[in-house]
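What follows is one structure encoded as structure tokens, with my remarks underneath.
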Amino acid sequence: MNEVLKDGTVGKALVMLDIIATAGHALRFNNILALSPFPKATTYRFLQTMTSQGMLSYDAESQKYSLGMRLVRLAHNAWKQASLGPIAAPHLNQLARQVGETVHLAQIENGQVLFIDKRHTSERFETLAQVGRIAPAHCTGVGKVMLAFMQPERQEYSLQRQTFIKFTNTTITHKKALLEELAHIRSEGLAYDREEHENGIISIAAPILTSLGQVMGAISIATSTSRHSVEDLKQYKGLLKATTAAVSSEAELRLHPTGGN
């Protein structure tokens, strides 16, 4: 967190946004203050400024803060400008048809996961992950697999931005435990979400890497524990890895046609 504080006003504002975005639901001021590294007056001032700028929304009746519509517009424009989304779309369609489960495409920025596309094939369950939604990296399959394959400097930068909020009984809440998990993920090439972000939802995720091993994004197959177990998800390893490899290959051809990175 100390590195974030060095980024001045913008860095502090982003800390506020990350707290609310990571929670996944609207928060009262006292909830935010409990997670904020800043004094009460500073926290309140930043919340007021971001609300007036449309980055946050405040509901007077519930007295809760949530992400604002300005952020939604920014996320939508970011998705349109992100080349990985259009490139991956047909591959996501094919994977979703093959497995009959929900498929997510995500990227990571400033240590937080942004879901940029989704294929929902079953009406029997829904996940918190929605297009344009931000989620924590420490407790999501796509987040953990991207962290695992980052270069050390970028990984440390991202780890410093994890709040380690406990969402369920299986959420990893300490950096040491997460690092042990990341080492295992890197050796296997896959990550699993064992109901760590949302009770009843599990997933298997694989990274989208450049030919030089740099992380471009990740794809996951998510399902409900009423349908499958984590062990069941292992049957999709081959299809998932083939999909991420295809997206990676096409992305490099279209984004770096000369092979540069």
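Which length gain, in nm to one decimal place, applies between Asp59 and Asn199 when the Cα-Cα distance is subtracted from 0.36 nm times their residue separation?
Full-extension gain reported as 47.7 nm.
Put simply, the C-alpha atoms of segment 2-68 give a gyration tensor, and the ellipsoid matching it has half-axes of 18, 12, 11 Å, longest first.
Residues in segment 45-61, backbone N under 14 Å from the label point at Leu33 (7 Å along the Cα-to-beta-carbon vector): list them, ranges by number please. Taking a point 7 Å out along Cα→Cβ of Leu33, the residues of segment 45-61 whose backbone N falls under 14 Å are 45-48. With θ taken as phi - 60° and the Karplus curve 6.51 cos²θ - 1.76 cosθ + 1.60 applied, the whole-hertz 3J(HN,Hα) list for segment 41-52 is 5, 5, 4, 5, 4, 5, 5, 5, 5, 5, 5, 5 Hz, x standing for glycine and proline. Working note: Debye formula, equal point scatterers on the alpha-carbon atoms of the chain, no solvent; log10 I(q)/I(0) at q = 0.07, 0.08, 0.11, 0.13 Å⁻¹ is -0.24, -0.32, -0.60, -0.84.
Each of His120, His138, His25 was scored by other Cβ atoms within 10 Å of its Cβ. Arranged with the fewest first, they read His25, His120, His138. Here the extension length gained between Met69 and Ala89 equals 4.7 nm, from 0.36 nm per residue of separation less the Cα-Cα distance. With neighbour counts taken as other beta-carbon atoms within 10 Å, the residues Val247, Val230 rank, fewest first, as Val230, Val247.
Over all other residues within a Cβ to Cβ distance under 12 Å of Glu109, the charged ones net out to +1, with Lys and Arg as +1 and Asp and Glu as -1. Based on the Cβ-Cβ distance from Thr42 to Asn110, what FRET efficiency comes out when R0 is 25 Å, to the nearest 0.05? With R0 = 25 Å, the Cβ-Cβ based efficiency is 0.80. Applied to segment 18-35, the Karplus parametrisation 6.51 cos²θ - 1.76 cosθ + 1.60 on θ = phi - 60° returns per-residue 3J(HN,Hα) values of 5, 4, 6, 5, 5, 4, x, 7, 5, 10, 6, 4, 5, 5, 5, 4, 5, 9 Hz, with x for Gly and Pro. Separation of segment 36-73 and segment 199-242, taken as the distance between their Cα centroids, equals 34 angstrom. For the chain, modelled as a GNM whose springs connect Cα atoms under 10 angstrom apart, the maximal fluctuation among Ser66, Ser248, Ser226 occurs at Ser226.
Converting phi to 3J(HN,Hα) with the Karplus coefficients 6.51, -1.76 and 1.60 and the offset θ = phi - 60°, segment 187-199 yields 6, 8, x, 9, 10, 10, 9, 9, 6, 7, 10, 8, 4 Hz in sequence order, with x at every glycine or proline.
Along the Cα→Cβ direction, 7 angstrom out, place labels at Gln98 and Glu188. What is the inter-label distance in nm? Computed distance between label sites Gln98 and Glu188 equals 2.0 nm.
Based on DSSP H runs of at least 4 residues, each adding -39500 (n - 2.57), what is the mean residue ellipticity at 222 nm of the chain after dividing by all its residues, to the nearest 500 deg cm²/dmol?
-14000 deg cm²/dmol
Among beta bridges from DSSP that stay inside the chain, the antiparallel ones total about 100%.
Comparing Leu35, Leu114, Leu178 in a Gaussian network model of the chain (Cα springs below 10 Å), the most mobile by mean-square fluctuation is Leu35. For Lys118, a cut-off of 30 angstrom between C-alpha atoms picks up these lysines, skipping any fewer than 8 places away in its own chain: Lys64, Lys80, Lys144, Lys166, Lys175, Lys234, Lys237, Lys241.
All of the numbers you see were taken from the coordinates with simple rules; none came from a lab. Only a predicted model underlies this, so the values are computations on that prediction, with no experimental measurement involved. Quick reminder, even Gly has a Cβ in these numbers, built from the backbone with ideal geometry, and neighbours come from all protein chains shown.
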